[in-house]
Ligand code: PMP
């Protein structure tokens, strides 16, 4: 075999990139073990059948050919309206490119912002694909730690120092955040805006969890004064409408940048199937109530976790303000997130993601996805807390 490119072989240089435990849990499950999985961000409820009806009707109606590469006009319009309403900055269809999921949007946005060898900042803890996405466009990831004692809100001074030292072209932010559940405060966002301005950065704002906020409100970064021109916003229907498998998302930004992103789409994805887009349009037209219904179980289960944390010492949490996860601090057990996760899977048949999978800043934590039906979720919590108690007893003994 001829040599492969360094770009592709170097995508995930750390081997499994923290997914080892996840694959072990999946293998055990496939072998018939009753594993309770609290790993990836996938709803326990499937896509609303009414959305599937719309998809079916569209496909049967003949929308199975090539669809407009930037997205069908009414969907770009509907996404633009959603962004205008949430950010307060007027967006038109020319500001929106429909992509096969937010992930493709993250790739396209970095492709637009960074040249080969450029530095691209991201906040650690981060969604596990981020460093590979940055490497995938030939750029070099520069993680900037957000600290647990700050509720995982990044500090302006840390960002400014990293921007200064690295000469970065871009900064990737994610609020509501995966894996921490943090929703960035006004002060955090304003600090990021000052750094972006001072260091002439593109801000790539991953807002795929914008419909899942429990405390406070989601503030789109493009809506901050002066930021629209330097922001590429990534969105998706995966989380808001339980449409992960439909692969439907977008990138939004200033028109001059979007013309080039469209060009990239022509040479990579060549668009998204028309019947998927029409189903997405139908989903958006269901309004905010439909999104709230999809989000409700996560809020309920977040509250279940917070209740369980009271009156025990083994685990701590920064109460998540959004998204579908809780980060638990397991340091009182004296274990790493990896070791805790491995033991929990072995002894209690509960699978979580170790914090270390999401960067160095989440060491000593585990991420619990709020993605099992309530009864099973309560059972998983029972086992998780029992396991944690046993580990603390060992430390004390
Ligand atoms: N960003 C974050 C923070 C995510 O958690 C995910 C999915 N887990 C994505 C982007 C990608 O989502 P999708 O491609 O399904 O839209």
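Here are some notes:
- Total residues in the range 78-97, condition touching a helix residue (DSSP H, G or I) at 6+ places or on another chain (Cβ under 8 Å) and under 24 Å from residue 213 (Cα atoms): 12
- Enumeration of residues in the range 346-363 that are buried (at least 21 other Cβ atoms within 10 Å of the Cβ) and farther than 20 Å from residue 129 by Cβ: 350
- Of note, residue 274 does not satisfy the criterion of being within 16 Å of the ligand (Cβ to nearest atom) and either over 27 Å from residue 62 (Cα atoms) or touching a helix residue (DSSP H, G or I) at 6+ places or on another chain (Cβ under 8 Å) (or both).
- Residue check for residue 314: at pLDDT below 95 and more than 22 Å from the chain's Cα centre (by Cα): yes
- Condition check for residue 195: out of contact with any strand residue (DSSP E or B) (no Cβ under 6 Å at 6 or more places or on another chain) and either outside the structural domain of residue 320 (by TED's automatic domain parsing) or free of Cβ contacts under 8 Å to residues at least 60 places away in the same chain (or both): yes
- So residue 302, is it surrounded by fewer than 22 Cβ atoms within 10 Å (Cβ to Cβ) and assigned by TED's automatic domain parsing to the domain that holds residue 391: no
- Output for the range 298-329, where each listed residue is in a loop (DSSP other than H, G, I, E, B) and free of Cβ contacts under 8 Å to residues at least 60 places away in the same chain: 310, 311
- Among (1) in contact with a helix residue (DSSP H, G or I) (Cβ under 7 Å, 6 or more places away or on another chain); (2) more than 16 Å from the ligand (Cβ to nearest atom); (3) outside any helix (DSSP H, G or I); (4) not assigned by TED's automatic domain parsing to the domain that holds residue 280 - the single one residue 34 does not satisfy: (1)
- Residue check for residue 295: touching a strand residue (DSSP E or B) at 6+ places or on another chain (Cβ under 9 Å) and in contact (Cβ under 8 Å) with a residue 40 or more places away in the chain: yes
- Residue 168 being within 13 Å of the ligand (Cβ to nearest atom) and in a loop (DSSP other than H, G, I, E, B): no
- Applying the set (1) in a helix (DSSP H, G or I); (2) within 16 Å of the ligand (Cβ to nearest atom) to residue 269 leaves exactly one unmet item: (1).
- Those residues of the range 356-397 which are within 27 Å of the chain's Cα centre (by Cα) and not in a helix (DSSP H, G or I), in sequence order: 359, 363, 364, 365, 366, 367, 368, 369, 370, 371, 372, 373
- The conditions of being within 16 Å of the ligand (Cβ to nearest atom) and farther than 30 Å from residue 279 by Cβ are not met by residue 100.
The values are calculated or read from the model by the stated rules, or taken from the named source; none is laboratory data. Note that the coordinates shown come from a computational prediction; the quantities given were computed from them, not determined experimentally. Cβ atoms come from the backbone with ideal geometry, glycine included; neighbour counts cover every protein chain shown.
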